[in-house]
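Taking it in order: structure first as structure tokens, then the write-up.
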Amino acid sequence: MLTLFSFAEFGGKGERKKNGLPLFFGKWDVSPFSIYLGGSMKIIKVEAGFVMLVLAVIMLSWGIGYSEGNDLGLQSKQAVGEKRVLAVVVRFPDAEPKVPIEMVKQRVFALNMYVVEQSYGLASLNIDFRGYVMLPSSLRRYKVSQYNNQVDAGRVRKLIEDTMTILEKEVDFSSYHHILIIPAVITMPGEGYGMICYCANPGMLTDISKGFGSRRGSRDSQYEILRSKGGKEFKGGVFVGAENANLGMFAHDYFHALGGQYGAGKRFAP
């Protein structure tokens with residue numbers, strides 16, 4: 001359940017009556033179909049589309065809209081169209097998969113259906129699914145922290161480049177836009193692989209900064225260059241999700257990978 005905040009008016013003893021302006025900063029619980037506003041006196045059900053329209057009107061009336069100064073508006077056009085994604089399920093010599101690979105495959109291909117639906121057919125994934133691929137080192141050599149700011153970028157790079165090295169004789173990495181790596185081990189925070197799902201490129205491999213205000217620098221995507229031991233390179237989005245990661249996790253970090261970076265290490269948000 002997603003929680004948003006919006007303006008509403010509440011009546012009742014001791015409370016101000018409406019005077020044409022918002023009187024109360026209320027809390028919205030958003031379901032896929034409708035929005036409920038919880039208040040001290042009543043619960044109101046309104047359609048999500050209507051609420052979004054009202055919010056848009058309020059933002060415009062207050063001068064809140066797209067500009068170079070506030071970073072709102074269309075952020076990237078590179079999501080449009082079909083994107084070729086190499087999806088690889090990797091195994092560790094000392095860890096056994098628990099989720100059947102067919103279930104993992106179904107979830108990966110469901111990501112394409114989700115993207116097509118959410119983009120109204122403007123975006124899609126052409127997925128090349130590979131698995132299992134046995135990595136050369138034990139799980140502990142790849143395991144990362146559950147905390148973003150404590151993740152060892154060297155381990156993330158090792159996971160990706162070891163995977164590339166195994167596949168380099170049969171895969172042309174330049175033919176793909178993005179790569180999804182799926183560690184075949186049940187993962188919870190701090191357990192298994194360490195982190196259930198994350199975006200590696202841009203993300204764990206890149207210097208991401210959060211900032212507000214005017215855009216600076218290039219709007220082009222920026223990715224780290226990854227290399228196999230044989231010298232084959234890949235410069236595109238890479239996201240990682242354990243075998244028990246759900247569709248929402250895959251989607252969230254795919255969108256980070258899709259957007260790339262712009263300016264001084266700023267990453268497009270999904």
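Does the stretch 111-122 hold any residues that are surrounded by 14 or more Cβ atoms within 10 Å (Cβ to Cβ) and either more than 15 Å from the chain's Cα centre (by Cα) or aromatic (Phe, Trp, Tyr) (or both), and which are they?
Within the stretch 111-122, Tyr114, Val116 meet the criteria.
Could you tell me which of the residues Val171, Val108, Val185 is aliphatic (A, V, I, L, M), surrounded by 13 or more Cβ atoms within 10 Å (Cβ to Cβ), in the same structural domain as Gly241 (by TED's automatic domain parsing) and farther than 15 Å from Ala242 by Cβ?
Exactly one residue qualifies, and that residue is Val171.
Give me the residue from the stretch 72-100 that is hydrophobic (A, V, I, L, M, F, W, C) and more than 19 Å from Ile166 (Cα to Cα) and, out of that set, surrounded by the fewest Cβ atoms within 10 Å (Cβ to Cβ).
By that ranking, first place goes to Leu74.
Give the residues of the stretch 212-234 that are modelled with pLDDT of 90 or more and loosely packed, with under 15 Cβ neighbours inside 10 Å, sorted by residue number.
Passing the criteria: Ile225, Lys229, Gly230, Gly231, Glu233.
Tell me, yes or no, whether the stretch 247-255 has at least one residue that is assigned to a strand (DSSP E or B), at pLDDT 55 or above and in contact with a Cys (Cβ under 6 Å, 6 or more places away or on another chain).
No - not one qualifying residue is present in the stretch 247-255.
The values are calculated or read from the model by the stated rules, or taken from the named source; none is laboratory data. All values reported here derive from a predicted model rather than from experimental measurement. With ideal geometry, Cβ positions are generated from the backbone for all residues, glycine too; neighbour counts draw on all protein chains shown.
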